[in-house]
Amino acid sequence: MNDIAAAGPRPAKGDIAAIVTLITLEAALVISWSAGFVGIRFAIDHAPIFLILLWRSLVSGLFLLPFLLIGPRLHWRGVLSHALFGALAMSGYLGAFALAISFGVPTGLVALITDMLPLVVAILSWPVLGQVLNKRQWLGSAIGFGGVLLASGGALHMSDVPLWAYALPVLGTLSLALATLLQKRSQMAAMPVHQSLCVQCLSAAAIFAVFAWNEGSVSPVLDAGFIGGILWLVFVATFGAWGLYYLALRKSSPARVTAILYLSPPVTMLWAWVMFDEALSWGMAAGLVVSLIGIVIFARRWADSAV
């Protein structure tokens, strides 16, 4: 009896369940977020990049359209707000880094720049949300970012491209960070995920259609590789990644959720190794381990960063 008393109070079952749920949600987010690169890999040889992004967004939005009326009554203010979020989070982020790659910016460098998202969110959280990261969270973010540097180092090869093209992934990262913080501040619970995601996908599709038309056509390519890639991007990368992303935002802070995405590049490398037999170096494996350490340090006391 004394031994039991000395052990201290046990964690409440509700707290344990909440932690397990959050960790499971974040693990699924990392996997589905990484799967988006795999889908692009499937489709990129069959169509221009903006045509792929157009049909990814359009099919996703049309699939969700019948469910748009399920849930709370829609208000024009909420619809317009989420249309803006879609322009920032989907069109701005996806379009900017895709355009950078099309101009010749190395994919590894683009991934490295976009993975600065947690640091950008941390910096913008103070003026937008009034939140400031503590020293432990800054340390975890720095270590996680160092792991990404280590894992992505082999892919960083500068090439002869316009200097301004390197600003595109930076602008895309700023766009997603701003959308993340604005959604956190705007009471997302007023619109369920399936409704907000539908509005955002259709908003992004309208923007991508302009760029796809400029590329030459908005018509889909009747090719098995293109269709398979689009279906993968719709059901895994869009419904999976973006849906889980917004659900995670509701259960945690923007800084924690975006820090979890530090694991995306190493996990993407694992996907490529398994599915495409691409080389997986010791540097990549070491980067994955370092990123994991950074995430553990950042999120060790998850309640500190929950809102």
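Run down Leu249, Leu197, Leu288, Leu244 and say which single residue is among the hydrophobic types (A, V, I, L, M, F, W, C), closer than 25 Å to Val121 by Cβ and in contact with a Lys or Arg (Cβ under 7 Å, 6 or more places away or on another chain).
Leu249
Restricting to the stretch 69-109, and then to whatever is in contact with a helix residue (DSSP H, G or I) (Cβ under 6 Å, 6 or more places away or on another chain), part of a loop (DSSP other than H, G, I, E, B) and closer than 28 Å to Ile44 by Cα, can you tell me which residue is modelled with the highest pLDDT?
Restricting to residues being in contact with a helix residue (DSSP H, G or I) (Cβ under 6 Å, 6 or more places away or on another chain), part of a loop (DSSP other than H, G, I, E, B) and closer than 28 Å to Ile44 by Cα, the top hit is Phe103.
Condition first: surrounded by fewer than 18 Cβ atoms within 10 Å (Cβ to Cβ), at pLDDT 90 or above and over 17 Å from Ile44 (Cβ atoms). Can you find one or more residues in the stretch 205-212 that meet it?
Yes, the stretch 205-212 contains at least one residue that is surrounded by fewer than 18 Cβ atoms within 10 Å (Cβ to Cβ), at pLDDT 90 or above and over 17 Å from Ile44 (Cβ atoms).
It is to be established whether one or more residues within the stretch 35-58 are more than 26 Å from Asn214 (Cα to Cα) and not aromatic (Phe, Trp, Tyr).
Yes; the residues of the stretch 35-58 include at least one that is more than 26 Å from Asn214 (Cα to Cα) and not aromatic (Phe, Trp, Tyr).
Give the residues of the stretch 25-68 that are surrounded by fewer than 21 Cβ atoms within 10 Å (Cβ to Cβ), at pLDDT 85 or above and in contact with a Cys (Cβ under 9 Å, 6 or more places away or on another chain), sorted by residue number.
Result: Val59, Leu62, Phe63, Leu65.
Consider Leu202 carefully, then state whether it is among the hydrophobic types (A, V, I, L, M, F, W, C) and surrounded by fewer than 16 Cβ atoms within 10 Å (Cβ to Cβ).
no
The values are calculated or read from the model by the stated rules, or taken from the named source; none is laboratory data. Since the structure is predicted, the reported quantities are computational estimates derived from the model, not experimental observations. Neighbour counts run over all protein chains shown; Cβ positions are idealised from the backbone, glycine included.
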